[in-house]
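Undergrad: Sharing a structure with you now.
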Amino acid sequence: MHFKEKLIIEKLPKHIAIIMDGNGRWAKNKLQPRVFGHTNGVSAVREVTEASAELGIKYLTLYAFSTENWNRPSFEINALMNLLVETIRKEISTLNKNNIKLTAIGGLEKLPSSTYKALMEGIEQTKNNTRMTLVLALNYSAKWELIKAMQSIGSLVQNGSLLPEQIDDQIIEQNLATSGIPDPELLIRTSGEHRISNFLLWQIAYSELYFTNTLWPDFHKENLYEAIYDFQNRERRFGKISEQIQS
Ligand code: FPP
């Protein structure tokens, strides 16, 4: 343990993205309803946000609700949406105290109005903070995002302000929900599943993937340090050979 002391501050990822998974199983293991897992998942969100800001991570993106999550029982959806309202309202002052800006990506207008309202309040009230940006992915999926981007770019081509051959990395990035945010160098998924589940497909082209069996409510600061330590001990080659990277 004690991974924090082993971290190299100059080699920290700028952006960490997390697929928070395993709340339901965590609750089931404790013979509790699934929602109990989500409530405890909020504590992990708080811990990981705090640890990231303390370390100097600039962006933390959390997959909080996917477009596919609407297929869950309505009781669970409602509980998650209410938990979001409650958590955002409760945490705004802590976010401000810690100079953390809240933003969100996804089809936000489809969220229940109370969730949408709390989210907009949170975003508005933290918009001038500069230490770290916490991005919540809500009603998000990468395919949704790519479709939106293609639609926007398509209309630029149609109205003559862009030629098809001018479409490049930069144009695509400008039209993604994450526009202006650097790609995550590290993507973490908890609970032992080895899937991307429609999260940030464009942005993770070169990300290091870190999978852990730890269930999300059990993911503490030390687990984050361990993931970053693992990341720092990988060689990121970006298509080059090993000798070109060293020095
Ligand atoms: C995955 O566990 C978790 C979610 C779909 C929701 C994540 C939500 C929170 C941690 C709470 C609210 C978040 C914020 C940012 C305030 P699962 O239900 O898929 O678990 P399972 O795979 O074991 O069933």
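The values are calculated or read from the model by the stated rules, or taken from the named source; none is laboratory data. Just so it is clear, the model here is predicted, and its values are computed rather than measured. Cβ atoms come from the backbone with ideal geometry, glycine included; neighbour counts cover every protein chain shown.
Undergrad: Would region 87-109 turn up any residue that is of a type outside the set (Phe, Trp, Tyr), surrounded by fewer than 19 Cβ atoms within 10 Å (Cβ to Cβ) and touching a residue at least 60 places away in the same chain (Cβ under 8 Å)?
TA: no
Undergrad: Going through Ile100, Ile77 one at a time, which residue ends up being at pLDDT 95 or above, aliphatic (A, V, I, L, M), touching a helix residue (DSSP H, G or I) at 6+ places or on another chain (Cβ under 7 Å) and away from the ligand (no atom under 11 Å from the Cβ)?
TA: When all the criteria are applied, what remains is Ile100.
Undergrad: Count, please, the residues in region 220-247 that happen to be more than 22 Å from Ile204 (Cβ to Cβ), outside any helix (DSSP H, G or I) and within 24 Å of the chain's Cα centre (by Cα).
TA: 1
Undergrad: For Ile171, work out the one condition from (1) over 18 Å from the mean Cα position of the chain (by Cα); (2) farther than 28 Å from Ala149 by Cα it doesn't fulfil.
TA: (2)
Undergrad: Take region 43-71 and flag every residue that is within 13 Å of the ligand (Cβ to nearest atom), of a type outside the set (A, V, I, L, M), closer than 25 Å to Glu145 by Cα and surrounded by 16 or more Cβ atoms within 10 Å (Cβ to Cβ).
TA: Within region 43-71, Thr49, Thr61, Tyr63, Phe65, Ser66, Thr67, Asn69 meet the criteria.
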